[in-house]
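I have placed the structure first, in the form of structure tokens, so that the comments after it can refer back to it.
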Amino acid sequence: MLWLALHLPLLSLEAFCATLPAADANRPVVLLLADHRVHSANPAAAACGIRPGMKRATALALAGDLLPAEAQPARDAAALRAVVHAALAFTPSVTVHDAQTVLLEVQASLRLFGGLAALHRRLAAAVAPLGHRVQVAAAPTALGAALLAQWFPRLPGDSDPVAWVTGPHATDAAALQRLLDDAPLALLGPGREHGPALQGMGLQRLSDLRLLPRDGLARRFGAALLDELDRALGRQADVRRWLHLPARFDSRLELFARAENSEQVLHGASVLLARLVAWAQARQARVGAFTLRMRHERQRQAAVPATELALALAEPSLDATHLQLLLRERLAHVVLAAPTLELQLQCSHLVASAAPNGELFPSAASEAVGLTRLFERLRARLGDDQVQRLVAVADHRPERASRTVPAQGMEARRAAPSAATSSSAVSSTATQGDALPLRRPAWLLPEPLPLAERDTVPWLEGRPLRLLSGPERIETGWWDGEPAARDYFIAQAEDASLVWVWRGRLPESAGVVHWYLQGRFA
């Protein structure tokens, strides 16, 4: 077995700073424990001399513009859950070691991803959008990998606030033991509990503990200390419970400051969108639709209903930047009833289809994707009712053969319309997706335009038309009181443009040819 441990030493601080407005991004920030001591400090606070364990009053004295906040386990758990979702895209064997460490058993995944180095790169790219500093280590045991990730010699670039830092990798038990021999006893839970007594005996490293008689250590400090060491070295079974992906994505984010405009809301929503993409990637699918719910503060002692934005994509996507762009367009037209305090993002509509292939040269498929992105942005900016699409209707009369309906997302587009018995009903799924015949223009005039006629030849704008093909005969509508008896032709105008014309065939028109312009070809 081969375990990867992802340790996030600044998870709590990073989860809080993700909710800060851009104006407070460079301020010194500390998280406080229940006893008002510093739990963690960002680089700006550390530069002022603030260290973990320091009292709140001392930290405020060192930094006048310090931003103190309370550590919240629920907020940290939500951030760690997103890392778990990102890891589940690479192996189904994922578990949580503690509040800051995620474990992956990746032995069976190495061949799929092309080796450990390639897996590292893919995993780092998947976790990077979540904005966490990650210390990663590998070992043949779960606890051994976790200990190596939590402790290793300081590496170049170790001061980066957000980075992927690779620690020691042990491929066998002997190499793992050599690496752990130099680790401090405080890494073990019982080692921290009995720290003063162990230090009084001159024991500082795990190698010192391993060289002592086991019976005497067990009698004095209990069996838990040795049991943990044995599980780290692979001498004792270490049972883990695998985590599973939820069928529905639901994540909340409490904002540090009240969001009074769409840009502030979008800043917090970007964190939730990164988590959504990590969940969708683990489900091996793409996002088809999602809903953003904004919870507002009370106004005059009365609750303000939450504002909901439902966004459906014309083409499912895993591009967080694209999702954020569409959300920005929708938020630009939203007037907040009150300042927003909390965001909630939900998604249950995933599309399990193959991702679009990357192409060296543009093709029809890549151009279609560009049109789809444009279509989505128009819907997000103007609204579904303002963007129309054509739907085929079971009627031979051209003016009734289609109708416009508001554009919807993929789910609505794929759903077949209900069957109807009238002649103007929407056709079934087989007809709905078919393109119009090439012999007919896609866009018609609102009303047929009468044309002049000389020697049985129709004229348009003072010029004769040249009939290229036809007639296409239509005789229908006798059952609804609006009969149509027409012969359609494709004609060419003087400027070489193509038009669609027809002449009537009703008995009362005998001896007189009536020509009409029905539409133009693009």
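Residue check: is Pro21 assigned by TED's automatic domain parsing to the domain that holds Gly167 and within 24 Å of the chain's Cα centre (by Cα)? Judged against the criteria, Pro21 is a match. Of the residues making up segment 283-315, those that are more than 20 Å from Leu382 (Cα to Cα), within 11 Å of the chain's Cα centre (by Cα) and not charged (D, E, K, R) are Ala285, Val287.
Kindly indicate whether any position in segment 247-269 is over 30 Å from Pro21 (Cβ atoms), in contact (Cβ under 8 Å) with a residue 12 or more places away in the chain and hydrophobic (A, V, I, L, M, F, W, C). Yes, because at least one residue in segment 247-269 is over 30 Å from Pro21 (Cβ atoms), in contact (Cβ under 8 Å) with a residue 12 or more places away in the chain and hydrophobic (A, V, I, L, M, F, W, C).
Only one of the numbered conditions (1) under 27 Å from Arg81 (Cβ atoms); (2) in contact (Cβ under 8 Å) with a residue 60 or more places away in the chain; (3) exposed (fewer than 15 other Cβ atoms within 10 Å of the Cβ) is violated by Val239, and that is (2).
For Ala124, the conditions (1) buried (at least 19 other Cβ atoms within 10 Å of the Cβ); (2) of a type outside the set (Lys, Arg); (3) modelled with pLDDT of 90 or more are fulfilled apart from (1). Just one residue in the set Ala183, Ala149, Ala145, Ala163 is surrounded by 14 or more Cβ atoms within 10 Å (Cβ to Cβ), of a type outside the set (D, E, K, R), at pLDDT below 80 and within 20 Å of Leu4 (Cα to Cα); that residue is Ala163.
Of everything in segment 81-115 that's over 19 Å from Ala274 (Cβ atoms) and free of Cβ contacts under 8 Å to residues at least 40 places away in the same chain, which residue is surrounded by the fewest Cβ atoms within 10 Å (Cβ to Cβ)? Of everything passing the filter in segment 81-115, Arg111 is surrounded by the fewest Cβ atoms within 10 Å (Cβ to Cβ). Of Ala380, Ala368, Ala394, all but one fail to be at pLDDT below 65 and of a type outside the set (Val, Ile, Thr); the exception is Ala368.
Note on segment 498-522: residues that are of a type in the set (Val, Ile, Thr), at pLDDT below 85 and within 19 Å of Pro446 (Cα to Cα) total 0. Annotation: of all residues in segment 461-480 being modelled with pLDDT of 85 or more and on the phi > 0 side of the Ramachandran plot, the one that is surrounded by the most Cβ atoms within 10 Å (Cβ to Cβ) is Glu461. If the condition is being under 51 Å from the mean Cα position of the chain (by Cα) and either surrounded by fewer than 13 Cβ atoms within 10 Å (Cβ to Cβ) or modelled with pLDDT under 85 (or both), then segment 481-497 contributes Asp495, Ala496, Ser497. Screening the candidates Asp172, Asp208 for the property of being out of contact with any helix residue (DSSP H, G or I) (no Cβ under 8 Å at 6 or more places or on another chain), acidic (Asp, Glu) and touching a residue at least 12 places away in the same chain (Cβ under 8 Å) yields one hit, Asp172.
The values are calculated or read from the model by the stated rules, or taken from the named source; none is laboratory data. Keep in mind it's a predicted model, so treat the numbers as computed, not measured. Please note: Cβ atoms are built from the backbone with ideal geometry, for glycine as well, and neighbour counts cover all protein chains shown.
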